[in-house]
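A short worksheet on the structure shown next.
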Amino acid sequence: MALLAWDESLETRIPHIDEQHRGLVKLINDLDQSLQEGTAGLLVSNVLQELMRYVKDHFEDEEQFMLRHAFPDLPAHRREHDLFVTRLKDIHANFLDGDALSSNILDFLKGWLVHHIRGTDQVYVAFINGTPGG
Ligand SMILES: [Fe+2]
């Protein structure tokens, strides 16, 4: 799979959310590049850790944002986030155990992010845009 390109379909038009989503796209592309270039394990582990940290911060921020706007489907959205964090932790643990980072894993990360932003995130964006003061 090629590098993940940013396009309009990924935009929420909420500036701080778009900025964080762009950061996620960049980190996943960094990881992809590490894989293609056969970068040393320690560096790959560092990028994975940075991705996990960034993902956690972003999810917390997004969940606070939904909470502030009283978005009713927050629990389901949070479950999707939690599942992804669990997957990331597993990927990192397996990597530390000696499993190589495969293109399947990169495809999963890219696919999840694109699907989540275009689908799940757009639901709260539409809700917030439809509420007064949103
Ligand atoms: Fe989200």
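Observations
- Helical content alone sets the calculated 222 nm signal of the chain at -24000 deg cm²/dmol, taking -39,500 (n - 2.57) per DSSP H segment of four or more residues and averaging over every residue.
- Hydrodynamic radius (Kirkwood) for segment 65-120, which is based on Cα pairs only, to one decimal in Å: 12.8
- Accessible area per residue for the chain, computed on protein heavy atoms with a 1.4 Å probe, is 56 Å².
- Prolate/oblate/rounded label for segment 1-41 (Cα gyration tensor, a/c 1.5): oblate
- Carbon plus sulfur fraction of accessible area for segment 1-129, probe 1.4 Å, in percent: 53
- Dipole check for the chain: with +1 at the C-beta of Lys and Arg, -1 at the C-beta of Asp and Glu, and the Cα centre as origin, the magnitude is about 200 Debye.
- In segment 63-126, a dipole from Cβ-located charges (positive for Lys and Arg, negative for Asp and Glu) runs towards its positive end, and of 126, 76, 106 it is 126 whose Cα lies farthest in that direction.
- Among 93, 51, 116 the positive-end extreme of the charge dipole of the chain (Cβ point charges): 116
- The packing ranking of peptides 57-65, 33-41, highest mean first, is 57-65, 33-41, where packing means the average number of other beta carbon atoms within 10 angstrom of each residue.
- Ranked from largest, the principal axis spans of the Cα set of segment 15-129 equal 44, 23, 20 Å.
- Vicinal HN-Hα couplings computed from phi for segment 11-21 (Karplus, 6.51 cos²θ - 1.76 cosθ + 1.60; Hz; Gly/Pro x): 7, 9, 6, 9, x, 5, 6, 4, 5, 5, 4
The values are calculated or read from the model by the stated rules, or taken from the named source; none is laboratory data. This one's a predicted model, so the numbers in the text were calculated from it and none came from an experiment. As a convention, Cβ positions derive from the backbone with ideal geometry for all residues, glycine included, and neighbour counts pool all protein chains shown. In case anyone asks, the SASA skips ligands and DNA or RNA and just uses the protein heavy atoms, side chains included. Shrake-Rupley method; radii C 1.70, N 1.55, O 1.52, S 1.80 Å.
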